[in-house]
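S.K.: Here it is, the structure, as structure tokens.
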Amino acid sequence: MKVFKTVDSLRKWRSDLSPEKTLGLVPTMGALHEGHLSLIRRSRDENDFCLATIFVNPTQFDRKEDLESYPNSLETDLQMLKESGCHAVFVPTSEDIYENKIASDSFDFDGLDKVMEGRYRKGHFDGVATIVRKLFLLTQPDRAYFGEKDFQQLQIIKKMVRAEKLSVEIIPCEIFREEDGLAMSSRNRRLDVQQRKEASLLYKTLKQSRELLKKGVGFEIIHNMADEAFQSNPILKLEYFEIAEIDTLATALIYDPSKKYRAFIAAFAGPVRLIDNIALN
Ligand code: PAF
């Protein structure tokens, strides 16, 4: 596996690839887990070359503490990528990516960034779109793979790709879960034993909301159920529970069977912020 640490070396490798060969890109912030590796394997199987990137992008963090405590395990990450059959990895520095101005560009996401994560993490999606666009322009992938755990991010990236007329195909990949249902996340390794045990409540709540909807229970009652589940939990603090239509991400008030919905959740376990979502119908 090739490891590129500079934009120039990556650019050279990319320009030497034959135009008939396809390239799959898996952007990550490192601290890799099985969920990431499933994207790598899929990208490797569906393309001639698989390129991963590891870059903890400063512009998408709204809380300094979150950026500073973001887990870093580069040596293990490189080993895991190699064992998963990844062909190359790009590990740039902030200076190389942002030169001397660490700042986001601004985008119009048509309201997709005004709800849920966007409401609670100011500027987060401008930061994500800034780095993802830079990576797309630099690496010119045929396909790029993103996990559905960050479903709002996925919709925003699709929107940016359409708006910018980029030719990359965005491939959504299913959420990978631990045995108790907790969505895999780099942040999970920051949970203490008690927090880790309680963290499965996020998925339990999502699953219960899907079961209730199947039984014909209305969105408002499902919301109340989610609030109650967290009120009685001393370890987790619910930030939001939302049911939204998948294309617009607008909050759903009344069930319309012709539409597709997902339930979204964010909660704190101490300082660690966890998110998850589920398809409802
Ligand atoms: O989902 C992530 O890990 C990040 O938001 C991404 C897409 C790698 C951009 O920094």
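The values are calculated or read from the model by the stated rules, or taken from the named source; none is laboratory data. Since this is a predicted model, take the numbers as computed values, not measurements. So basically every Cβ, Gly included, is an ideal-geometry build from the backbone, and we count neighbours across all protein chains shown. The accessibility values were calculated without ligands, DNA or RNA, using every heavy atom of the protein model including side chains. Shrake-Rupley method; radii C 1.70, N 1.55, O 1.52, S 1.80 Å.
S.K.: Please turn the phi angles of the stretch 46-57 into ³J(HN,Hα) values with the Karplus equation 6.51 cos²θ - 1.76 cosθ + 1.60 (θ = phi - 60°), one per residue in order, whole Hz, x for glycine and proline.
M.R.: Using θ = phi - 60°, the values come out as 9, 9, 6, 10, 10, 10, 9, 10, 10, 7, 7, 6 Hz.
S.K.: In the stretch 141-255, if the dipole is taken from +1 on Lys/Arg beta carbons and -1 on Asp/Glu beta carbons about the Cα centre, which of 183, 251, 241 is farthest to the positive end?
M.R.: Result: 183.
S.K.: Magnitude of the Cβ-charge dipole of the stretch 240-281, K/R +1 and D/E -1, about the Cα centre, nearest 20 debye?
M.R.: 80 debye
S.K.: Considering only the chain, what is the antiparallel percent among its DSSP beta bridges, to the nearest 5?
M.R.: 50 percent
S.K.: Any idea what angle helix 219-231 forms with the longest principal axis of the chain, computed on alpha-carbon atoms, 0 to 90 degrees, nearest 10?
M.R.: Roughly 80 degrees, rounded to the nearest 10.
S.K.: Given an 8 Å cut-off on Cα distances and at least 6 residues of separation, report the relative contact order of the chain as a percent.
M.R.: Contact order relative to length: 17 percent.
S.K.: If you don't mind, there's one more thing I want to ask. So for the pair residue 164, residue 82, with labels modelled 7 Å out along Cα→Cβ, what separation do we get in nm?
M.R.: With each label placed 7 Å out from Cα toward Cβ, I get 3.2 nm.
S.K.: I'd like the carbon and sulfur percentage of the solvent accessible area for the stretch 63-220, probe radius 1.4 Å, heavy atoms only, ligands and nucleic acids excluded.
M.R.: For the stretch 63-220, the apolar C and S fraction of the accessible surface comes to 46 percent.
S.K.: I want to make sure I understand the PRE zone here: with the label point 7 angstrom from the Cα of residue 102 toward its beta carbon, which residues in the stretch 10-39 have backbone N atoms less than 17 Å away?
M.R.: Answer for the stretch 10-39: 29-30.
S.K.: With every protein chain left in place, what is the accessible area per residue of the chain in square angstrom, probe 1.4 Å?
M.R.: It amounts to 49 Å² per residue over the chain.
S.K.: Quick check: at a probe of 1.4 Å, how many percent of the accessible area of the stretch 21-61 sits on carbon and sulfur atoms? If you can, show how the numbers build up before the last one.
M.R.: On the way: 560 of 1190 Å².
Whole-percent figure for carbon plus sulfur exposure: 47.
S.K.: Find the all-direction average of the projected area of the Cα convex hull for the stretch 13-155, expressing the result in square nanometres with one decimal place. Intermediate results must be reported in sequence, preceding the final value.
M.R.: Working: hull surface 36.0 nm².
Its Cα hull, projected and averaged over all orientations, spans 9.0 nm².
S.K.: If you don't mind, there's one more thing I want to ask. Can you tell me the length gained on complete extension of the stretch residue 255 to residue 12, counting 0.36 nm per residue apart and subtracting the Cα distance?
M.R.: 82.3 nm
S.K.: Between the alpha-carbon centers of the stretch 11-57 and the stretch 214-236, tell me the distance in whole angstrom.
M.R.: The distance from the Cα centre of the stretch 11-57 to that of the stretch 214-236 comes to 39 Å.
S.K.: State, to one decimal in nm, how far the label point of residue 233 lies from the label point of residue 1, with both points 7 Å from Cα in the Cβ direction.
M.R.: About 3.3 nm separates the two model spin labels.
S.K.: Build a GNM of the chain with springs between Cα atoms under 10 Å: which of 27, 141, 271 gets the top mean-square fluctuation?
M.R.: Sorting by GNM fluctuation, first place goes to 271.
S.K.: Using the Cα centre of the chain as origin and beta-carbon charges of +1 (Lys, Arg) and -1 (Asp, Glu), tell me which of 263, 202, 25 is placed farthest towards the positive end of the dipole.
M.R.: Towards the positive end, the residue furthest out is 25.
S.K.: Let me ask something else. To the nearest 20 debye, what charge dipole does the stretch 35-129 have about its Cα centre, counting +1 at the Cβ of each Lys and Arg and -1 at the Cβ of each Asp and Glu?
M.R.: It works out to roughly 240 debye.
S.K.: Testing the spin-label approximation: label points 7 Å from Cα along Cα→Cβ at residue 75 and residue 214. State their distance in nm.
M.R.: Modelled inter-label distance: 4.7 nm.
S.K.: For the stretch 1-158, how many pairs of lysine residues have a Cα-Cα distance under 22 Å, where the two are 8 or more positions apart or belong to different chains?
M.R.: So the count works out to 25.
S.K.: Can I ask one more? Quick one: what are the phi-derived ³J(HN,Hα) couplings along the stretch 162-170, Karplus 6.51/-1.76/1.60 with θ = phi - 60°, whole Hz, x for glycine and proline?
M.R.: 5, 5, 8, 6, 7, 9, 7, 8, 8
S.K.: Among 127, 85, 111, which one shows the biggest mean-square fluctuation in a GNM of the chain, springs joining Cα atoms closer than 10 Å?
M.R.: Ranking 127, 85, 111 by mean-square fluctuation puts 111 first.
S.K.: Please report, in debye to the nearest 20, how large the charge dipole of the chain is about its Cα centre when each Lys and Arg carries +1 at its beta carbon and each Asp and Glu carries -1 there.
M.R.: So the magnitude is around 140 debye.
S.K.: Okay, next question. Once a ≥ b ≥ c are taken as the square roots of the eigenvalues of the Cα gyration tensor of the stretch 162-281, is the result rounded (a/c under 1.5), prolate (a/b larger than b/c) or oblate (a/b not larger than b/c)?
M.R.: It comes out oblate by the Cα gyration axes.
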